[in-house]
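Chemist: Attaching a single structure in structure tokens format; questions to follow.
The values are calculated or read from the model by the stated rules, or taken from the named source; none is laboratory data. Quantities reported herein were computed from a predicted structural model and do not represent experimental measurements. Positions of Cβ are backbone-derived with ideal geometry, glycine not excepted, and every protein chain shown enters the neighbour counts. Surface areas here come from the heavy atoms of the whole protein model, side chains and all, with no ligands, DNA or RNA. Shrake-Rupley method; radii C 1.70, N 1.55, O 1.52, S 1.80 Å.
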Amino acid sequence: MTYPPLPEALTVGVYDNHTHLEHGAWQPSGEPELLDYREALDLASSVGVKGVVQVGTDVASSRWSAQMAAREPRMLAAVAIHPNDAPELDRAGTLDASLAEIEELAQRPRVRAVGETGLDFFRTDEAGRPAQFYSFEAHIEIAKKHGLALQIHDRDAHDEVISTLLRVGAPERTVFHCFSGDATMARLCAEEGWYLSFAGTVTFKNAANLREALEVVPRDRILIETDSPYLTPTPHRGQTNASYMIPTTLRFMADHLGVPDSLLAAVIASNTEAVYGSWDDEPVLPDAPSELPPHPLA
Ligand SMILES: [Zn+2]
């Protein structure tokens, strides 16, 4: 497991609104080394990435996210069942119970989003899709009921994600995590007031669609993320991603738009706070557990 070198620090601080730090915390011993979540946050702060949204993908990682955010000032949490997990839970008869746990976690302090949820037609076949739709709609309802932002995972399912949001009504703050559409879709999302979160994929050579989307989306709808440990930006593809790589993607985006890095960082920081609220405005629980919750597979 190798990490890219630290990029030069940003002069204006920004946030990584989608990362999975539990991978480092839960690493079985003997595996190639992933950054511990504290190291990952320290390195991020050192280059101007002042906070992250830690995203759960199942009940265990969502619980970890809520517990860690409660005691870590640089972390807010998002909680959800990943769309690719919904069919299996449905087959096991535990999807509703899992959704109820997600709703309980969604009401914890410093949990500011429901996600990642959505539709994934790349990894889930026809048979699993009804469960995926059911789970997506349940997450949308949880976000609306508790006034939280929604983080959407949309893989090869643009039309169905959009039509679902329009049919049931999107939460007030809706984010397309790792936006993967084109300029037409970007315009449509912006008209609905939805946010587009750009990941390292925007730097990929074959991703002209993402750069066209970036060009047309209003600046006040742009967010940035790593989705680390995945999706490392060019020229470091093949290495492991971490939140400290945000400056690399941000500089690429600023260059592409022809604006100074500091301006784009300021705009994105303000957009991010508009979606999730401030990282500082809710005290971290002094009595939060100091022990890491155990690895669910240990
Ligand atoms: Zn993710």
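Chemist: What are the semi-axes of the equivalent ellipsoid for the chain, taken as the square roots of 5 times the Cα gyration tensor eigenvalues, largest first, in whole Å?
Modeler: 26, 24, 19
Chemist: Below 11 angstrom from the Cβ of Leu188, what's the summed charge of the other residues (Lys, Arg +1; Asp, Glu -1)?
Modeler: It works out to a net charge of -3.
Chemist: Please report, in Å, the Rg and the Dmax of the range 230-278, where both are computed over Cα atoms only.
Modeler: Computed over the Cα atoms of the range 230-278, radius of gyration and Dmax are 12.3, 34 Å.
Chemist: Follow-up question, since we're still on this one. Considering only protein heavy atoms and a 1.4 Å probe, what is the carbon-and-sulfur percentage of the accessible area of the chain?
Modeler: In the chain, the share of accessible area belonging to carbon and sulfur is 51 percent.
Chemist: What accessible area per residue, rounded to a whole number of Å², is obtained for the chain using a probe radius of 1.4 Å?
Modeler: Here the per-residue accessible area is 41 Å².
Chemist: So, one more: What is the diffusion coefficient of the range 173-219 in µm²/s, taking the Kirkwood radius over Cα pairs and the Stokes-Einstein relation at 25 °C with a viscosity of 0.890 mPa s?
Modeler: Working: Rh = 10.4 Å.
Calculated translational D: 236 µm²/s.
Chemist: While we're on this one: Largest first, please: the extent of the C-alpha atoms of the range 56-159 along each principal axis, to the nearest Å.
Modeler: 41, 28, 22
Chemist: What percent antiparallel are the DSSP beta bridges of the chain, to the nearest 5?
Modeler: Percent antiparallel among DSSP bridges in the chain is about 0.
Chemist: Right, here's the next one. For the range 85-154 and the range 209-236, compute the distance between their C-alpha centroids and round to whole Å.
Modeler: Each part's Cα centre sits 24 Å from the other's.
Chemist: Find out how many positive minus negative residues lie around Tyr3, taking Lys and Arg as positive, Asp and Glu as negative, among other residues whose Cβ is under 11 Å from that of Tyr3.
Modeler: Computed value for this residue: -2.
Chemist: Can you give the calculated 222 nm mean residue ellipticity of the chain, where each DSSP H run of n ≥ 4 adds -39,500 (n - 2.57) and the sum is split over every residue, rounded to the nearest 500 deg cm²/dmol?
Modeler: Rounded to the nearest 500, it is -12000 deg cm²/dmol.
Chemist: What net charge is computed for the residues neighbouring Asp42, neighbours being all others with C-beta under 14 Å from the C-beta of Asp42, Lys and Arg scored +1, Asp and Glu -1?
Modeler: Result for the local shell: -1.
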